[in-house]
Amino acid sequence: MQPIEFDNGAVQIDASIVAEGLGLTPLSLRQQMHAGRVTSRAERGIDADAGRHRLTFFSEHRRFRVVVDATGAIVQRSSVDFGNSALPKSAHRSGG
């Protein structure tokens, strides 16, 4: 698998990329996803961002985001760590 692939409208991302962005091991990521402690959102770009996708992953204390182009190449990545504080509700909004 390439790091990011598109399959019938779904976006698949290598778990090691997400784990690194959230500061977790791949095993811990898998466990936390199954427990509902790591969630995600996928958004498709429109207008000037057509062909891009923004994938955002949320853990208890971090938000990790990647923007990919139509080929699956990562255009941008960012991670916000709120330390010992819980992830604020505003971190779950689209955009920003």
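The values are calculated or read from the model by the stated rules, or taken from the named source; none is laboratory data. In this text, all values refer to a predicted model and were calculated from it rather than measured experimentally. Cβ sites come from the backbone with ideal geometry, for glycine too, and all protein chains shown count toward neighbours.
Do you know which of the residues in segment 1-32 that are small (Gly, Ala, Ser) and either assigned to a helix (DSSP H, G or I) or at positive phi (or both) is surrounded by the fewest Cβ atoms within 10 Å (Cβ to Cβ)?
Gly9
Residues being surrounded by 11 or more Cβ atoms within 10 Å (Cβ to Cβ) and either aliphatic (A, V, I, L, M) or part of a strand (DSSP E or B) (or both): count how many of those fall in segment 43-61.
Residues that pass the stated criteria total 8.
Quick test for you: out of Phe82, Phe64, pick the one residue that is at pLDDT 95 or above, surrounded by 11 or more Cβ atoms within 10 Å (Cβ to Cβ) and of a type in the set (Phe, Trp, Tyr).
Phe64
Inspect segment 33-42 for any residue being surrounded by fewer than 16 Cβ atoms within 10 Å (Cβ to Cβ) and either touching an Asp or Glu at 6+ places or on another chain (Cβ under 8 Å) or part of a helix (DSSP H, G or I) (or both) and give the result as yes or no.
Looking through segment 33-42, at least one residue is surrounded by fewer than 16 Cβ atoms within 10 Å (Cβ to Cβ) and either touching an Asp or Glu at 6+ places or on another chain (Cβ under 8 Å) or part of a helix (DSSP H, G or I) (or both).
Quickly run through segment 20-44 and pick out the residues that are without any contact (Cβ under 8 Å) to a residue 24 or more places away in the chain, of a type outside the set (D, E, K, R) and over 16 Å from Ser78 (Cβ atoms).
Thr25, Pro26, Leu27, Ser28, Leu29, Gln31, Met33, His34, Ala35, Gly36, Val38, Thr39
Mind listing whichever residues of segment 67-79 are surrounded by 15 or more Cβ atoms within 10 Å (Cβ to Cβ) and either out of contact with any strand residue (DSSP E or B) (no Cβ under 9 Å at 6 or more places or on another chain) or of a type in the set (Gly, Ala, Ser) (or both)?
Gly72
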